[in-house]
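Trainee: Once you've had a glance at the structure underneath, I'll fire off some questions.
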Amino acid sequence: MAAVGLYEEVLIAGFGGQGIISAGKLLAYASMRVGKEVTCMPSYGAEVRGGTANCMVVIADEPIASPLISFPDSLIAMNAASVNKFAAKIKDGGLLVFNSSLVDNKPQLPESIKSLAIPADDIATELGDKKIANTVMLGAYLETKAVLTLQAAIESLSDVLAKRHHKALPLNITALKRGAQFAKDTG
């Protein structure tokens, strides 16, 4: 029987305007950069900014049959509503990374699920721009799950950010590194 390679299903969820789709796109681009198969499927609520948003990203060594995720290996939740809606669906042995700046109570999960509470909004504000909380969260995910390197995400930032936002590349790199360092320090 052949060994199964990488197959990681990641659900990134939050409110519209929190950079959910951008984080998913960055994860997808970083995956492609290192030669992985990847699908990325964004989903917006009717209101977009302030409504619900999520992005399903599947990363694999082999071709991917479907971009849909019912039970993610990992959930990156930017707000309490996303934790409440999706945390119970995380697979055994999975990972929950949640924004403790906006989630007051740690969710009750089976012991097999690793949980990382990161004050992403607080860290982003400390760095100078609350809008990079999504990047802080992604850095924490990458450090904890080790599916891809932080360097692959850093190198993909310029592909994901619109040219008019390239002046924010150094800040986004710092945000990725701070999220990774937080995960390393608390892990």
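Trainee: Condition first: surrounded by 15 or more Cβ atoms within 10 Å (Cβ to Cβ) and not aliphatic (A, V, I, L, M). Now tell me which residues in region 97-124 satisfy that. Steps first, please.
Mentor: Start the filter on region 97-124 by keeping residues that are surrounded by 15 or more Cβ atoms within 10 Å (Cβ to Cβ), which leaves 97-103, 107, 109, 113-124.
Across region 97-124, the qualifying residues are F98, N99, S100, S101, P107, K114, S115, P119, D121, D122.
Trainee: Being more than 16 Å from V34 (Cβ to Cβ) and either over 17 Å from the mean Cα position of the chain (by Cα) or acidic (D, E) (or both) is the filter here, so list the residues in region 159-186 that pass it. Step through it out loud before you land on a result.
Mentor: Here is the first cut: in region 159-186, the residues more than 16 Å from V34 (Cβ to Cβ) are 161-175, 177-186.
Selection gives A162, K163, R164, H165, H166, K167, A168, L169, P170, L171, D185, T186.
Trainee: Could you look through region 148-167, keep only residues that are touching a Leu at 6+ places or on another chain (Cβ under 7 Å) and surrounded by 17 or more Cβ atoms within 10 Å (Cβ to Cβ), and pick out the one that is modelled with the lowest pLDDT?
Mentor: The residue in question is L161.
Trainee: In region 112-144, what residues are closer than 20 Å to G16 by Cα, among the small types (G, A, S) and out of contact with any Gly (no Cβ under 9 Å at 6 or more places or on another chain)?
Mentor: A124
Trainee: Considering only region 134-142, I want to know if a residue exists there that is touching a Phe, Trp or Tyr at 6+ places or on another chain (Cβ under 7 Å) and either of a type in the set (A, V, I, L, M) or surrounded by fewer than 21 Cβ atoms within 10 Å (Cβ to Cβ) (or both). Don't jump to the end; show me each part of the working.
Mentor: Taking region 134-142 first, the residues touching a Phe, Trp or Tyr at 6+ places or on another chain (Cβ under 7 Å) are 140.
Applying the additional criterion that residues be either of a type in the set (A, V, I, L, M) or surrounded by fewer than 21 Cβ atoms within 10 Å (Cβ to Cβ) (or both) yields 140.
Within region 134-142 (the criterion being touching a Phe, Trp or Tyr at 6+ places or on another chain (Cβ under 7 Å) and either of a type in the set (A, V, I, L, M) or surrounded by fewer than 21 Cβ atoms within 10 Å (Cβ to Cβ) (or both)), the answer is yes, since at least one residue qualifies.
Trainee: Can I ask one more? Considering every residue within region 78-98, establish whether at least one is under 27 Å from L161 (Cβ atoms), in contact with a Cys (Cβ under 6 Å, 6 or more places away or on another chain) and modelled with pLDDT of 95 or more.
Mentor: The answer is no, given that none of the residues of region 78-98 is under 27 Å from L161 (Cβ atoms), in contact with a Cys (Cβ under 6 Å, 6 or more places away or on another chain) and modelled with pLDDT of 95 or more.
Trainee: Where in region 69-128 are there strands (runs of 3 or more DSSP E), lying wholly inside it, with at least 1 residues that are over 24 Å from P42 (Cα atoms)? Spell out the reasoning first.
Mentor: Numbers: elements: 74-77, 95-99, 114-118.
In region 69-128, 114-118 are the strands (runs of 3 or more DSSP E) which contain 1 or more residues that are over 24 Å from P42 (Cα atoms).
Trainee: Scan region 82-103 and give yes if some residue there is of a type in the set (V, I, T), touching a strand residue (DSSP E or B) at 6+ places or on another chain (Cβ under 7 Å) and closer than 22 Å to V34 by Cβ, otherwise no.
Mentor: yes
Trainee: While we're on this one: Would region 114-128 turn up any residue that is under 18 Å from D73 (Cβ atoms) and basic (K, R)?
Mentor: yes
The values are calculated or read from the model by the stated rules, or taken from the named source; none is laboratory data. Everything quoted here is computed from the prediction, not taken from an experiment. FYI the Cβ positions are ideal-geometry reconstructions off the backbone, even for glycines, and counts take in every protein chain you see.
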